[in-house]
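The values are calculated or read from the model by the stated rules, or taken from the named source; none is laboratory data. Being a predicted model, the structure only gives us computed values, none of them experimental. Every residue, glycine as well, gets a Cβ built from its backbone with ideal geometry; the counts of neighbours run over all protein chains shown. For accessibility, only protein heavy atoms count, side chains too; no ligands or nucleic acids. Shrake-Rupley method; radii C 1.70, N 1.55, O 1.52, S 1.80 Å.
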Amino acid sequence: MRSESKRQQRFSAVIQEELADIFQKEAMGWVPGAFITVTVVRSTPDLSVARVYLSFLNIKSAEEDLEKLKKHTSEIRYKLGNRIRHVVRIVPELEFFLDDTNVYVEKMDEIFKKIKKDDEEE
């Protein structure tokens with residue numbers, strides 16, 4: 001996998017910052033009760049697509065809330081476009097993905113705790 005260019009990294013950082021602000025201020029209407037964090041944004045080399053990885057807190061099912069949010073992709077893209085129209089030439093298509101890093105970390109912690117407990121019992 002190729003690493004992102006400096007241009008892609010700067011572009012992704014702008015997208016991440018603006019989306020985080022949009023989700024903080026307006027996401028309650030799309031996903032009630034959820035706290036949404038934009039963990040990573042990856043842009044294609046031509047900057048036409050932004051893959052946005054999200055983490056959800058205070059929710060029952062992250063997959064369901066991600067699907068709810070995906071239904072509002074065009075509205076989110078429009079709001080993003082209004083914010084960055086003077087900074088970029090094109091507003092990228094948005095693709096949302098669930099960032100499952102927290103779930104992975106929790107599973108690893110459980111495994112390490114079990115190993116430590118087993119070692120202490122021996």
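Taking into account only those residues within the stretch 48-66 that are surrounded by 13 or more Cβ atoms within 10 Å (Cβ to Cβ) and modelled with pLDDT of 90 or more, which is farthest from D99 (Cα to Cα)?
V49
Pull out all pairs, ordered by first then second residue, where Cβ-Cβ is under 7 Å, the residues are six or more apart or on different chains, the first lies in the stretch 71-83 and is free of Cβ contacts under 8 Å to residues at least 40 places away in the same chain, and the second is surrounded by 14 or more Cβ atoms within 10 Å (Cβ to Cβ) and part of a loop (DSSP other than H, G, I, E, B).
R77/V91; G81/V91
Restricting to the stretch 50-102, name every residue that is aromatic (F, W, Y) and within 14 Å of the chain's Cα centre (by Cα).
Looking only at the stretch 50-102, we keep the residues that are aromatic (F, W, Y), and these are 53, 56, 78, 96-97.
Of everything in the stretch 50-102, those that are aromatic (F, W, Y) and within 14 Å of the chain's Cα centre (by Cα) turn out to be Y53, F56, F96, F97.
Can you find a residue that is open to solvent by 70 Å² or more (accessible area, probe 1.4 Å), of a type in the set (A, V, I, L, M, F, W, C) and assigned to a strand (DSSP E or B) anywhere in the stretch 106-116?
There is no residue in the stretch 106-116 that is open to solvent by 70 Å² or more (accessible area, probe 1.4 Å), of a type in the set (A, V, I, L, M, F, W, C) and assigned to a strand (DSSP E or B).
Residues in the stretch 40-50: is at least one in a helix (DSSP H, G or I) and either aliphatic (A, V, I, L, M) or farther than 13 Å from Q16 by Cα (or both)?
No, the stretch 40-50 contains no residue that is in a helix (DSSP H, G or I) and either aliphatic (A, V, I, L, M) or farther than 13 Å from Q16 by Cα (or both).
How many residues are out of contact with any strand residue (DSSP E or B) (no Cβ under 7 Å at 6 or more places or on another chain) and under 15 Å from R10 (Cα atoms) if we restrict to the stretch 25-80? Let's see the steps before the verdict.
Filtering the stretch 25-80 down to residues out of contact with any strand residue (DSSP E or B) (no Cβ under 7 Å at 6 or more places or on another chain) leaves 25-26, 28-33, 44-47, 59-61, 64, 67-68, 71-72, 74-75, 78-80.
Applying the additional criterion that residues be under 15 Å from R10 (Cα atoms) yields 44-47.
Selection size over the stretch 25-80: 4.
Take R10 and tell me if it is among the basic types (K, R) and modelled with pLDDT of 90 or more. First the steps, then the outcome.
Details: among the basic types (K, R): yes; modelled with pLDDT of 90 or more: yes.
Here the answer is yes, as R10 does meet what is asked.
Any residue at all in the stretch 79-86 that is part of a helix (DSSP H, G or I), charged (D, E, K, R) and open to solvent by less than 70 Å² (accessible area, probe 1.4 Å)?
Residues of the stretch 79-86 that are part of a helix (DSSP H, G or I), as a first pass: 79-84.
Those left that are additionally charged (D, E, K, R): 79, 83.
From the residues that got through so far, the ones that are open to solvent by less than 70 Å² (accessible area, probe 1.4 Å) too are 79.
Yes: one or more hits.
Go through the stretch 87-105 and give me each residue that's outside any strand (DSSP E or B) and either farther than 18 Å from Q16 by Cβ or not polar (S, T, N, Q) (or both). Before the answer, list the steps.
Initial filter on the stretch 87-105 (outside any strand (DSSP E or B)): 87-92, 99-105.
Passing the criteria: V87, V88, R89, I90, V91, P92, D99, D100, V103, Y104, V105.
Of everything in the stretch 67-76 that's closer than 13 Å to E26 by Cβ and part of a helix (DSSP H, G or I), which residue is most open to solvent (accessible area, probe 1.4 Å)?
Looking at the filtered set, the residue picked out is E75.
Scan the stretch 26-47 for residues that are open to solvent by 40 Å² or more (accessible area, probe 1.4 Å) and touching a Pro at 6+ places or on another chain (Cβ under 7 Å) and report the count.
Looking only at that region, the number is 0.
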